[in-house]
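Below: one structure, written as structure tokens.
The values are calculated or read from the model by the stated rules, or taken from the named source; none is laboratory data. Note that the structure is predicted; figures quoted are calculated from it, not measured. Using ideal geometry, Cβ is built from the backbone for each residue, glycine included, and neighbour counts are taken over all protein chains shown. For accessibility, only protein heavy atoms count, side chains too; no ligands or nucleic acids. Shrake-Rupley method; radii C 1.70, N 1.55, O 1.52, S 1.80 Å.
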Amino acid sequence: MSITLRTVLPDEADLRLDRWFRRHHPNLTQGALQKMLRTGQVRVDGKRAETGMRLQPGQEIRVPPMPEAPSPEPARPAVSERDAAMLERMVIYRDDSVIALDKPHGLPVQGGPSITRHLDGMLDALRFGHEERPKLVHRLDRDTSGVLLLARSAAAASRLAAAFRGRDAHKTYWALVVGRPHPLAGRINMPLARQGGPRGERTAPAEEGEDGAAAITDFRVVDNARKHVSWLEMNPLTGRTHQLRVHAAAALKCPILGDGKYGGAAAHLEGMSGLLHLHARTIELPHPEGGTLSVSAPLPPHMKESFEFLGFDRPRTPPPKRVR
């Protein structure tokens, strides 16, 4: 095993360093991590760090060789033909620098405790003849569907990550929420903080005096079915974990349909799918080789069914476009 350098992704902003290691190296004990920090084996941007350090997007973490787990699992086999075919069907755009996927609901992007099958573990299936393995430059929640970008080289990864970090990436999400927001359009500026809990880490509005991370979302109501369900277009200007879900539930008082984690029982409606109704519809950003790339993804089956049930007239999905 060798030393590796990992870049902090946009949605890992404000994550504690020890929790970052817990997410990426679940077998590493707190004691072993503290020893690595004391001896300078783990560094952030080349400097010594502490367990409680809050990370920022774009920072580089030096990860030394990890100790073997007490009961190491057998090496996972190569990507199965079935999974490889699934991933290839997810591709909605590809060039020499970028791959855009239409990630389905329910597929984790990265591994973690009890997660062994995830997108990051199957990216070798998307080399398409390139020597370098595709790299994640941002993430989507397991239950969020839609556009997910991959970089096909280290140089492309650096430029794409800079676009996300510098807010040059314009992201549009579609969500069905329970209720009707007032006002019908506006900007949510609600700082968020990460918390622990019986069901794992969650995000919550920062309390007064708490050092929360800035979180800003623009929104507008596209349509509504009486006062029961509204179709929102949401544009996050920051990339906090679960930002849109918390802003919908806490700021608008209209939880996203199917989001029991943040909306409880109020997020479920009789006769409608209980899956999360949040979809990364479009990403538009500078292309690593110049110009602008815009990619959109069609609704997943459960949201398409809900749109039809509610009578929402959704527009057609435009083809990917790169303007040079």
Residue pairs within 6 Å by beta carbon, gap of at least six or interchain, first lying in the stretch 36-49 and of a type in the set (D, E), second open to solvent by 10 Å² or more (accessible area, probe 1.4 Å), listed first then second, are D45/Q59; D45/E60
Pair list, Cβ under 7 Å, 6 or more apart: the stretch 73-84 residue within 17 Å of L119 (Cβ to Cβ) and of a type in the set (F, W, Y), other residue surrounded by 10 or more Cβ atoms within 10 Å (Cβ to Cβ) and at pLDDT 50 or above | none
When the stretch 125-159 is examined, which residues are found to be assigned to a loop (DSSP other than H, G, I, E, B) and within 17 Å of E12 (Cβ to Cβ)?
-> V137, H138, R139, L140, D141, R142, T144
Being open to solvent by less than 30 Å² (accessible area, probe 1.4 Å), more than 18 Å from the chain's Cα centre (by Cα) and either under 17 Å from L244 (Cβ atoms) or of a type in the set (S, T, N, Q) (or both), is that true of even one residue in the stretch 189-197?
-> no
Can you name the number of the only condition in (1) touching a residue at least 40 places away in the same chain (Cβ under 8 Å); (2) under 23 Å from the mean Cα position of the chain (by Cα) that A266 fails?
-> (2)
Out of L276, L237, which single residue is surrounded by 18 or more Cβ atoms within 10 Å (Cβ to Cβ) and either modelled with pLDDT of 95 or more or under 29 Å from R22 (Cβ atoms) (or both)?
-> L276
Within the stretch 1-50, the residues that are under 26 Å from the mean Cα position of the chain (by Cα), open to solvent by less than 40 Å² (accessible area, probe 1.4 Å) and aliphatic (A, V, I, L, M) are V8, L9, A13, L15, L17, L28, L33, V42, V44, A49
Selection count where residues are over 10 Å from L55 (Cα atoms), outside any helix (DSSP H, G or I) and touching a Lys or Arg at 6+ places or on another chain (Cβ under 8 Å), scope the stretch 5-27 | 1
By residue number, the members of the stretch 104-124 that are assigned to a helix (DSSP H, G or I) and open to solvent by 20 Å² or more (accessible area, probe 1.4 Å) are D120, G121, D124
Taking V137 and the conditions (1) surrounded by 18 or more Cβ atoms within 10 Å (Cβ to Cβ); (2) in contact with a Phe, Trp or Tyr (Cβ under 7 Å, 6 or more places away or on another chain); (3) at positive phi, which numbered condition does it fall short on, given that it satisfies the others?
-> (3)
Which strands (runs of 3 or more DSSP E) does the stretch 216-324 wholly contain that include 2 or more residues that are of a type outside the set (K, R) and in contact with a helix residue (DSSP H, G or I) (Cβ under 6 Å, 6 or more places away or on another chain)?
-> 216-225, 229-236, 278-286
Mind listing whichever residues of the stretch 142-171 are surrounded by fewer than 19 Cβ atoms within 10 Å (Cβ to Cβ), at pLDDT 90 or above and closer than 15 Å to P236 by Cα?
-> D168, H170
For residues in the stretch 269-324 being within 21 Å of the chain's Cα centre (by Cα) and small (G, A, S), which is nearest to A225 (Cα to Cα)?
-> G274
